[in-house]
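See structure below.
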């Protein structure tokens, strides 16, 4: 609800209808990293309703355009499931665009609004250094960077910076001048050490579970590093400003994902983490039949975080609204 409100406010305040309506009779929206769940439909509908409200607020209700929505994800995404569950009452035309959003996906100056939710924290690849046994950044015995050495963290940070720059360069080609890019991503507050990230601690617990399993060797765990990175507002702002193609119209951290005065629902947490990383684990280890055991162990090992000190509950959500210069 908080994110929806911020999106509505940005579109109401920052979307230049007069400028954008001159570029096309159809309003083009892209939802990047859509996956297959219902959240993508909810997000798109929210954007459309906000645009419609903007037209009404300036007395152009009769000129509201038709909407074309592009759903994007990797080519392996289950687009059949996505499309069979489309809302029957949808008020927009639909197309899928498979491919990585770290490269070009659309024709030049063809998009008016780009929406990306819970996707930009996935790296385009695992940093090569953390997989190199001869590198100072080799991440032995761990699957993530939060409790690893500075060399490992720096490799992740460099990969994220490169990915964000590629993402912004691609969108700069595709988004019309004055168009918006709306980002929703996991983040950690400025000044908080990575070891205090709740999500990082949970991924560390998952790594320990994998090490404890006799059927998965230490070398297999060493070869697995989750391609996920949690940025901070300051870091993200620096990357956007350094790229130079977009102005930051709004950047805000929402409230923590979990209340600091309540225990964490670890069963819900386990389900969420499993949905996010099970595919990565199965692809790496090739043991789909072991997932129940892995996440059963994870639920037990991570249970201690259900009463973790409030200083560790730093998982937050970052909303960023950009306008194409």
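Every number here is computed from the coordinates shown, using simple stated rules; none is lab data. Quick caveat, the model's predicted, so the values are computed rather than measured. Virtual Cβ from ideal backbone geometry, glycine too; neighbours counted across all protein chains shown.
Between residue 165 and residue 282, what is 0.36 nm times their sequence separation minus the Cα-Cα distance? Round to one decimal in nm.
39.1 nm
What is the distance, in nm, between label points placed 7 Å from the Cα along the Cα-to-Cβ direction at residue 25 and at residue 4?
Taking the simple label geometry, residue 25 and residue 4 are separated by 3.3 nm.
Tell me, what is the Rg over Rh of the range 1-115, with Rh the Kirkwood radius over Cα pairs?
Computed over Cα atoms, the ratio is 0.96.
Rounded to the nearest 10 degrees, what's the angle between the helix 150-174 long axis and the longest principal axis of the chain, both from Cα atoms, 0 to 90?
So the inclination is approximately 20 degrees.
Based solely on its DSSP helices, what 222 nm [θ] is calculated for the chain when runs of n ≥ 4 H residues each add -39,500 (n - 2.57) and the sum is averaged over all residues, nearest 500 deg cm²/dmol?
The helix contribution divided over the chain gives -12500 deg cm²/dmol.
Normalized C-alpha radius of gyration of the chain, against 2.2 N^0.38 Å?
That ratio works out to 1.04.
For a Förster distance of 35 Å, can you work out the FRET efficiency between the beta-carbons of residue 249 and residue 211, rounded to the nearest 0.05?
Plugging the Cβ-Cβ distance into 1/(1 + (r/R0)^6) gives 0.20.
Based on the alpha-carbon gyration tensor of the range 68-226 and its eigenvalue square roots a ≥ b ≥ c, which shape applies: rounded if a/c is under 1.5, prolate if not and a/b is larger than b/c, or oblate?
Prolate, because a/c is 1.5 or more and a/b exceeds b/c.
Report the calculated FRET efficiency for residue 275 and residue 150 (r = Cβ-Cβ distance, R0 = 35 Å), to the nearest 0.05.
Here the calculated transfer efficiency is 0.70.
If one takes the longest principal axis of the Cα atoms in the chain, at what angle in degrees, from 0 to 90 and to the nearest 10, does the Cα axis of helix 233-243 lie?
For helix 233-243, the angle is close to 60 degrees.
Among 160, 83, which comes first, second and so on when ranked by fewest other beta-carbon atoms within 10 Å?
Ranked by crowding around the Cβ, least crowded first: 83, 160.
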